[in-house]
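**Student:** One structure follows; several queries about it will come next.
The values are calculated or read from the model by the stated rules, or taken from the named source; none is laboratory data. Quantities reported herein were computed from a predicted structural model and do not represent experimental measurements. Methodologically, a virtual Cβ is constructed for each residue, glycine included, from the backbone with ideal geometry; neighbour enumeration extends over all protein chains shown.
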Amino acid sequence: MKKQHTFTAYLLIGIGTYFLLRQLKIPIFTDFYSWPTLLIIIGLAFLIHAIQSRQHQNLFTGSFLMGIGIHFHGLEHYPFWPDHWAMYTLIVGIAFFIRYMRTKRGLLPAGILIGFSLLFIFSVDIPKQLSWVYDIVSFLERFWPVALIILGIYFLKKK
């Protein structure tokens, strides 16, 4: 017999635990009383549900939400955490890779996004021969909403 509402159960257990620990004011968990923790809990619920129910389409969503929650938690609490736009593409690339591990689909976008992100996170000084990369990046940073609009229109037109 297939269990229904398991995602809701995982979500309620996670959020209930979060608020219980918040009410008990346990000192070791005080850094986790923030909204990024709720994103981590929701992402974890998606991941657990996806693995146990074999609904692998939720792996991407769970990985993405958990990654965004971890990133914002890191920005809030750790001074060494990188505050760079390429962290978001890295999170999406990791989410694609986690989905690939179960479905064997999405390795190419994962590799491209992870490679692209690592290149820009760790490249502070690019040699003069590659200075054109800064021009492209500045153009992309300025007009990235246009790319989202075009991608949305593409998905509407795609059958």
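**Student:** Might you let me know whether the range 144-155 holds any residue that is exposed (fewer than 10 other Cβ atoms within 10 Å of the Cβ), within 19 Å of D83 (Cβ to Cβ) and at pLDDT below 80?
**Tutor:** No, every residue in the range 144-155 fails to be exposed (fewer than 10 other Cβ atoms within 10 Å of the Cβ), within 19 Å of D83 (Cβ to Cβ) and at pLDDT below 80.
**Student:** Further, regarding this structure: If you check every pair at least six apart or on different chains, which have Cβ atoms under 8 Å apart with a residue in the range 130-141 that is surrounded by 10 or more Cβ atoms within 10 Å (Cβ to Cβ) first and a residue that is outside any helix (DSSP H, G or I) second?
**Tutor:** Within 8 Å, the pairs are V133/I126; Y134/I126.
**Student:** If I filter the range 100-121 for residues that are closer than 20 Å to I70 by Cα, of a type in the set (D, E, K, R), in the same structural domain as L59 (by TED's automatic domain parsing) and under 18 Å from the mean Cα position of the chain (by Cα), do I get at least one hit?
**Tutor:** no
**Student:** Quick one: would you say P109 is under 29 Å from G62 (Cβ atoms) and either of a type in the set (S, T, Y) or surrounded by 14 or more Cβ atoms within 10 Å (Cβ to Cβ) (or both)?
**Tutor:** For P109, the condition - under 29 Å from G62 (Cβ atoms) and either of a type in the set (S, T, Y) or surrounded by 14 or more Cβ atoms within 10 Å (Cβ to Cβ) (or both) - is met.
**Student:** Among the residues of the range 3-18, is any surrounded by 14 or more Cβ atoms within 10 Å (Cβ to Cβ), of a type outside the set (D, E, K, R), part of a helix (DSSP H, G or I) and within 16 Å of the chain's Cα centre (by Cα)?
**Tutor:** No, the conditions are met nowhere in the range 3-18.
**Student:** Mind checking which residues of the range 56-104 are part of a loop (DSSP other than H, G, I, E, B), touching a helix residue (DSSP H, G or I) at 6+ places or on another chain (Cβ under 7 Å) and free of Cβ contacts under 8 Å to residues at least 24 places away in the same chain?
**Tutor:** W81, D83, listed by residue number.
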